[in-house]
Amino acid sequence: MKYAYYPGCSLESTAKEFGESTVLVAEALGIELVEIPDWNCCGATSGHALDHKLSIALPARTLGIAENMGLDVVAPCAACYNRMKSAEVAMKSDEALRSEINSSLANPYEGKITVHSALEIFTAPDVLNRIKERVSYPLRGLKPACYYGCLLLRPPKIVGFDDPEAPQRLDEAMCAVGAEPVEWYFKNECCGASLGISKSAVSVKLTGDIISNAKKHGANCIVTVCPLCLTNLEMRQGAAGKMRGEDLTMPVFYFTELLGLAMEVPGIRKLFASHLVDVNPALDAIEQGEPVPAGAEG
Amino acid sequence: MTNFSNKVTSLVSENAQCCCELSLVEGPTGSELKRRIQELCGENVLECYQCGECTAGCPVAYAMDIAPNQVLRLAQLGLEDEVLGSSAIWLCAGCETCATRCPKGVALSRVMDACRQLALERGIKPKEPEIAKFHDQFLTEVKRFGRVHELTLTALYKVRTKDFFSDVFTGIQMFLKGKLALIPSLVKGRDEIRRLFSRSRHGSEDS
Amino acid sequence: MRIGVFVCWCGSNIAKTVDVEKVVEAAREMPGVVYATDYKYMCSEPGQNMIQEAIREHKLDRIVVASCSPRLHEPTFQRCVEAAGLNPYMVEMANIREQCSWVHERTPEATQHAIDLVRMAVAKVAKNEPLSRSKLDITRRALVIGGGVAGIQAALDIADAGYPVVLVERTPSIGGHMAQYDKTFPTLDCAACILTPKMVDCASHPLIEIWSYSEVEEVNGFVGNFEVKIRRRAKSVDESKCTGCGLCLEKCPVKGIPSEFDEGTGTRRAIYRPFPQAVPNKPVIDREHCRYFQTGKCGVCQKICPVGAIDYEQQDQVVTEKFGAIVVATGFDVWRDEQAMAQFGYGKYPDVISSLQFERLMNASGPTDGKIVRPSDGKVPRSIAFISCVGSRDEVHGYPYCSKVCCMYNAKQALLAKDKLHDVQTYVFYMDIRANGKGYEEFVRRAIEEYGANYIRGRVSRVYPDGDQLVVKGADTLLGRPLEVRVDLVVLATAMKPHDDAKELARKLGISTDQYDWFSEAHPKLRPVEVLTDGIYLAGACQYPKDIPDTVAQASGAASKVIGLFSKEAILSEAMTAFVNEDTCVGCGLCAEVCPFGAIDLVEVVDREKSTRDNQVMKTVARVNEGVCKGCGTCAAACRSGSARLRGFDTKQILAEIDALADAALSSKRL
Ligand SMILES: Cc1cc2nc3c(=O)[nH]c(=O)nc-3n(C[C@H](O)[C@H](O)[C@H](O)COP(=O)(O)OP(=O)(O)OC[C@H]3O[C@@H](n4cnc5c(N)ncnc54)[C@H](O)[C@@H]3O)c2cc1C
Ligand code: SF4
Ligand code: SF4
Ligand code: SF4
Ligand code: SF4
């Protein structure tokens, strides 16, 4: 199995632990990821917020390069995935737009390859089985609230590899590694990350709603597929707790970190140190014979 | 009272939000707004039957000056200044909850996008200037480097909004954890990216 | 040959576009025409008199009426000339309204177009031959499919008029959905008090046979003479012996099967009757769950039955019966798509239920004896949210149409809930309140003003549990704000939809369905109870969502159509039917394949050409059953040897029309 790998801007900086864990886990599972040379930013929310055409043209450039490589794309970040997939669908269905955009591209995109999210490929039935076989450090006692956010699931006509109202795939992945995902009710509610910097009051409120619900249902951590969500949930939980008058301290993981942890992929544990919110309380909850060293190895 | 005159106006007194008197007629301005929205995002605002599902599910509706369904209502009536001058179109987080659940299949999220573009196009001052500046700074960044460099993005945004102190602590923490690189990474095909920009609205104004 | 041409103005419909006088002038010059005139309304009494007088005065033997579509007035003018002594098939109509004046501006070309149409009709009528209709017998016995209130009403009306009826019902009891309800809007009379007497009347009526646990398998024949194959499923209980004592029902060891009649809010055993007042009141064994049928061991019911009515050996019986008319009254189903309703948590959270389930909870003889309690913990709810239009008016997740009845039963349920539980707070989330029946608006206002139902205008985005309550995330569009309510119970007014197998039944009956699979009526305004196949009628919610008053009205309408049919001495066959020239037919069977009414059979006949006196050679030919043939002409168009032909539309008539048009066009240099 071989994919063109699209890290996107966040996975290079604020979410580098997501990028690194994705690469490590893929390697451990024998999935080859080849970084798309000279990829560019997908435009993110700002792209489509201000300029519809640009929001398709930007990902189209990267898709064209990948098409040249002859490989399907994996975009781990839910936001990038959403934008890349929207561009794929628009380019495939709107011929006029396709030729217009392709005319400015060195590598035109003809719709021959498709985009996947990392969750999608890691939870494909055969891959999930391989993960189950590889688990050597089952995450029993870890009770994650699986948080899908919005961009991975919506709009279902474009993304939609999972049920938009009752998503399952992340929960399945967590069960596969022995964790015990909790039943909770804010799985697919928006956290307001795209307003995180410019209108933080909104994201503080939404973060509060989400973490509070996870806590209420017994979660000891949240697991995400989106760097925007993770950064937002980590950054805003202090303010949200203050606003609601509740203790909303809650470790937040990328799902790939937990897959790697359960498979004991070398180099995973040192990624935990880069979280803004201490993840050790969650790691400590894992019921295992061997003790989990505080502060991790890295 | 609704009467029919030749102009599309909404007589909203400066400080009163409701209790306005509407004089409506399907003039050229009214249908022009609908046409432009459809051109920009493909959505026909007349398909909306005002059920309110979008408002019910919108995570940001509570903070908006008008509810999401009212954005569509105003667009249906062609009350352009009110829609394009609202905070709602800027506060929309683009989460697509509305588009997913709308029983009529209207993608309000895309109408929101179109309204923002129209507001900029018509030089209407964004009711939420910080959000507009952030988006703008983001795209400027993409245009310049091909990728987004979070440190410069945040720094320049903060200069533009003159808001230097919020989130500084988190920024320092991120920097210490090696998450914010000092030097932006550059895309080689920057000319190609500028070309994409120059073909779009955002290309015209250089920053 | 003496042809008369009558050109109609149709008020201004034709006259404002077509120069009618020019058409008359032109007609006078056409071959065979001895008289032509025009009039404002040909179909009116003076118009018809004019035609009849002209027939007598000018000894006309063929008539052309240039007016509207033959669909509208061909029968009118046929009757008119028949009264004047002509064969009704000696009339042709030139449609100069729909096919001319309505689609043109007033131009010389429009008038020319009208003249051409008249010219063609004149050419055709010259070749018309008198046709006659034969008389067919009628089997004066009706089949009613579906034993809901519609089927019950239709069966009673027909039987009361003196004709025997077989009422076929798929489930073990008649009654349909109405039997599931506690009280019915808008008068709040109890469903049982008004329905069960009718059910009993059906059972005791000497002219009604109730075949429950039965289904229609195949329908053949035509109006007056249908042959219907019906499967009477084995009940494993001998109805002639069973006294309905119910002892077996208490002893059967297989418990806990979700009861279909209770919509899963209650349970039943393997031997069961859907509800205590069922008609017939005798149990059936559900073989899929019965231990005896599954493992061969048990037989408890047989041991307990005091009259030895249990019969494990019983077989399905497939019988073929003759009927003169069929009433289709199979009703509706409710939308149950859990995935599409995931936003409301239907199927996931036990306290999110459908309105039909809520009816069972309110019903005095339901699983809770009429106590409204939460399915999850049996507690009495202190607040209930009713959500309208779930799957209705929702083209994305469900159906685009309005289910018509739910606005009213929402009001009913909110009102009754308050009536039963004084402390309860009710919320009704709605988009519009559709209450346009006699006493309906008043009823809804009563629910709001006297029973305090809190109506909130806005759809709901999501329902999720919080503690042991449910959070309903909605909006109040009148205020323009999102809003949340916390309630103990959520009731979804799920869409009414056709049965999953409605299309299959339509296929068996040879009738059509609309895009959703509701059965299609013959005309949405003027023929609402008929279908395009004669002798088959629709009653109730199988055609489109209806409430009980509309259902019963339509059922009585269908019944009176049947009674009207049965009161005729005989029925007349179509005159314009197809026939096959058996000498030239090669027996390829193409016509039989394409005939949409199944009117053509392949038969063996003596090949007259090849046979000699001592050696009879047989061959296969197609033969048209004139009773079934509708004269659509499909066979005539398909037949490669030109053997299948249509009376009234013979090749020579069609060619005469084409020739007339071509000649005119050539001579006026238009071609
Ligand atoms: C929750 C709810 C509450 C309502 N409350 C009211 C109210 O208060 N007042 C009011 O006026 N209306 C009410 N209605 C509407 C009412 O239910 C309908 O108007 C009525 O049931 C229609 O009757 P029907 O006989 O056409 O159909 P049904 O009641 O559906 O009966 C059809 C019958 O045909 C049988 N059948 C189906 N297919 C076949 C087949 N292939 N072969 C043989 N038999 C078959 C079925 O088993 C059933 O017995 C309510 C509807 C709902 C959903
Ligand atoms: S959900 Fe759709 S139809 Fe309903 S108000 Fe919003 S946009 Fe209009
Ligand atoms: S896309 Fe915008 S309007 Fe729609 S629900 Fe999300 S935030 Fe609200
Ligand atoms: S034989 Fe079947 S129906 Fe009879 S008692 Fe046993 S399980 Fe019940
Ligand atoms: S009857 Fe009322 S509740 Fe039912 S679909 Fe129509 S509008 Fe909605």
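The values are calculated or read from the model by the stated rules, or taken from the named source; none is laboratory data. All figures in this text were calculated on a predicted structure; none of them were measured in a lab. In this analysis, Cβ positions are derived from the backbone assuming ideal geometry, glycine residues included, and neighbour counts consider all displayed protein chains. Heavy atoms of the whole protein, side chains included, go into the accessibility calculation; ligands, DNA and RNA do not. Shrake-Rupley method; radii C 1.70, N 1.55, O 1.52, S 1.80 Å.
Taking the stated definitions as given, is C:Gln357 modelled with pLDDT of 95 or more, within 30 Å of C:Val216 (Cα to Cα) and within 31 Å of the chain's Cα centre (by Cα)?
Judged against the criteria, C:Gln357 is a match.
Name the single residue, out of those in segment A:1-28 being aliphatic (A, V, I, L, M) and under 18 Å from the mean Cα position of the chain (by Cα), that is nearest to the other protein chains (Cβ to nearest Cβ).
So, considering only residues that are aliphatic (A, V, I, L, M) and under 18 Å from the mean Cα position of the chain (by Cα), the one nearest to the other protein chains (Cβ to nearest Cβ) is A:Ala15.
Among the residues of segment C:364-387, is there at least one that is closer than 18 Å to C:Val463 by Cβ, within 14 Å of chain A (Cβ to nearest Cβ) and within 16 Å of ligand 5 (Cβ to nearest atom)?
So far as segment C:364-387 goes, no, none of its residues is closer than 18 Å to C:Val463 by Cβ, within 14 Å of chain A (Cβ to nearest Cβ) and within 16 Å of ligand 5 (Cβ to nearest atom).
Looking only at residues that are over 16 Å from B:Ala67 (Cβ atoms) and open to solvent by 10 Å² or more (accessible area, probe 1.4 Å) in segment B:101-110, which one is farthest from ligand 4 (Cβ to nearest atom)?
Applying the filter and picking the extreme gives B:Arg110.
Are there any pairs, at least 6 apart or on different chains, whose C-beta atoms fall under 9 Å, with the first in segment C:201-213 and over 24 Å from C:Gln315 (Cα atoms) and the second surrounded by 22 or more Cβ atoms within 10 Å (Cβ to Cβ) and of a type in the set (D, E, K, R), and if so, which?
Filtered contacts from segment C:201-213: no entries.
Can we say A:Ile197 is part of a loop (DSSP other than H, G, I, E, B) and either hydrophobic (A, V, I, L, M, F, W, C) or at positive phi (or both)?
Criteria met by A:Ile197.
Conditions tested, residue by residue: (1) touching a residue at least 24 places away in the same chain (Cβ under 8 Å); (2) over 26 Å from C:Lys652 (Cα atoms).
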{"residue": "C:Pro46", "(1), (2)": "no, yes"}
{"residue": "C:Glu53", "(1), (2)": "no, yes"}
{"residue": "C:Lys59", "(1), (2)": "yes, no"}
{"residue": "C:Val65", "(1), (2)": "yes, no"}
{"residue": "C:Glu74", "(1), (2)": "no, no"}
{"residue": "C:Tyr89", "(1), (2)": "yes, no"}
{"residue": "C:Met93", "(1), (2)": "yes, no"}
{"residue": "C:Arg106", "(1), (2)": "yes, yes"}
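Considering each of C:Val334, C:Val319 in turn, give the residue that is within 16 Å of ligand 1 (Cβ to nearest atom), surrounded by fewer than 18 Cβ atoms within 10 Å (Cβ to Cβ) and within 30 Å of C:Ala559 (Cβ to Cβ).
Numbers: C:Val334 fails: surrounded by fewer than 18 Cβ atoms within 10 Å (Cβ to Cβ).
When all the criteria are applied, what remains is C:Val319.
Just give me the residues in segment C:605-648 being among the β-branched types (Val, Ile, Thr) and in contact with a helix residue (DSSP H, G or I) (Cβ under 7 Å, 6 or more places away or on another chain), in sequence order.
C:Thr634
Among the candidates B:Thr154, B:Thr140, single out the residue that is touching a helix residue (DSSP H, G or I) at 6+ places or on another chain (Cβ under 7 Å) and either in the same structural domain as B:Cys48 (by TED's automatic domain parsing) or more than 16 Å from ligand 3 (Cβ to nearest atom) (or both).
Only one candidate passes the filter, namely B:Thr154.
Would you pick out the residues in segment C:458-511 that are within 16 Å of ligand 3 (Cβ to nearest atom), of a type outside the set (Asp, Glu) and touching a Gly at 6+ places or on another chain (Cβ under 8 Å)?
C:Gly458, C:Arg459, C:Val460, C:Ser461, C:Arg462, C:Lys473, C:Gly474, C:Ala475, C:Thr477, C:Pro482, C:Leu483, listed by residue number.
Return the residues of segment C:388-412 that are surrounded by 21 or more Cβ atoms within 10 Å (Cβ to Cβ) and away from every other protein chain (no Cβ under 13 Å); say none if nothing qualifies.
Within segment C:388-412, C:Ser403, C:Val405, C:Cys406, C:Cys407, C:Met408, C:Tyr409, C:Asn410, C:Ala411, C:Lys412 meet the criteria.
Can you give me the number of residues within segment A:259-274 that are within 14 Å of another protein chain (Cβ to nearest Cβ) and more than 15 Å from A:Leu142 (Cβ to Cβ)? Steps first, answer last, please.
First, pick out the residues of segment A:259-274 that are within 14 Å of another protein chain (Cβ to nearest Cβ): A:270-274.
Remaining after also requiring more than 15 Å from A:Leu142 (Cβ to Cβ): A:270-271, A:273-274.
Qualifying residue count, segment A:259-274: 4.
Matching residues to (1) in contact (Cβ under 8 Å) with a residue 12 or more places away in the chain; (2) surrounded by fewer than 23 Cβ atoms within 10 Å (Cβ to Cβ); (3) hydrophobic (A, V, I, L, M, F, W, C):
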residue	(1), (2), (3)
A:Glu110	yes, yes, no
A:Val115	yes, no, yes
A:Val127	yes, yes, yes
A:Pro167	yes, yes, no
A:Cys175	no, yes, yes
A:Ile210	yes, no, yes
A:Lys216	yes, yes, no
A:Ala219	yes, no, yes
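Could you tell me which of the residues C:Phe429, C:Phe386, C:Phe443 is in contact (Cβ under 8 Å) with a residue 40 or more places away in the chain, under 30 Å from A:Cys190 (Cα atoms) and within 13 Å of ligand 1 (Cβ to nearest atom)?
C:Phe386
Any idea which of C:Tyr272, C:Tyr292 is within 39 Å of the chain's Cα centre (by Cα) and aromatic (Phe, Trp, Tyr)?
Values: C:Tyr292 fails: within 39 Å of the chain's Cα centre (by Cα).
Within the list C:Tyr272, C:Tyr292, the selection yields C:Tyr272.
Listed here are the residues, each with its yes/no results for (1) in the same structural domain as C:Glu215 (by TED's automatic domain parsing); (2) touching a helix residue (DSSP H, G or I) at 6+ places or on another chain (Cβ under 9 Å); (3) within 16 Å of ligand 5 (Cβ to nearest atom).
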position	(1), (2), (3)
C:Pro253	yes, yes, no
C:Gly256	yes, no, no
C:Phe261	yes, yes, no
C:Gly266	yes, yes, no
C:Pro276	yes, no, no
C:Val284	yes, no, no
C:Gln294	yes, no, no
C:Phe323	yes, no, no
C:Ser354	no, no, yes
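Give me the helices (runs of 4 or more DSSP H) completely within segment A:55-123, filtered to those with at least 1 residues that are farther than 28 Å from A:Ala26 by Cβ, ordered by residue number.
A:78-93, A:95-102
Residues are listed down the side, and each one gets a yes or a no for (1) over 19 Å from the mean Cα position of the chain (by Cα); (2) basic (Lys, Arg); (3) under 20 Å from C:Asp534 (Cβ atoms):
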position	(1), (2), (3)
C:Arg140	yes, yes, yes
C:Ile145	no, no, yes
C:Gly162	yes, no, no
C:Val166	no, no, yes
C:Thr171	yes, no, no
C:His177	no, no, no
C:Pro197	yes, no, no
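Report, by residue number, each residue of segment B:117-154 that is crowded, with 23+ Cβ neighbours inside 10 Å, part of a loop (DSSP other than H, G, I, E, B) and more than 7 Å from every other protein chain (Cβ to nearest Cβ).
B:His149
Just to be sure, is C:Pro375 assigned by TED's automatic domain parsing to the domain that holds C:Glu449, more than 16 Å from ligand 3 (Cβ to nearest atom), open to solvent by less than 10 Å² (accessible area, probe 1.4 Å) and over 21 Å from C:Thr551 (Cβ atoms)?
no
Scan C:Ala66, C:Ala94 and give me the residue that is in a strand (DSSP E or B), touching a Cys at 6+ places or on another chain (Cβ under 7 Å) and not assigned by TED's automatic domain parsing to the domain that holds C:Glu215.
C:Ala66
Go through segment C:490-547 and count every residue that is over 30 Å from C:Gly474 (Cα atoms) and part of a strand (DSSP E or B). Step through it out loud before you land on a result.
Within segment C:490-547, the first condition is being over 30 Å from C:Gly474 (Cα atoms), and the residues that meet it are C:499-515, C:517-543.
Now drop any that are not part of a strand (DSSP E or B), which leaves C:513, C:519, C:523, C:527, C:530, C:536-538.
The qualifying residues number 8.
Under the condition of being facing chain A (nearest Cβ under 7 Å) and surrounded by fewer than 16 Cβ atoms within 10 Å (Cβ to Cβ), which residue from segment B:182-198 is modelled with the lowest pLDDT?
Out of the qualifying residues, it is B:Ser185.
What's the number of the only condition in (1) modelled with pLDDT of 95 or more; (2) away from ligand 3 (no atom under 15 Å from the Cβ); (3) open to solvent by 50 Å² or more (accessible area, probe 1.4 Å) that B:Gly85 fails to meet?
Unmet for B:Gly85, out of (1) modelled with pLDDT of 95 or more; (2) away from ligand 3 (no atom under 15 Å from the Cβ); (3) open to solvent by 50 Å² or more (accessible area, probe 1.4 Å): (3).
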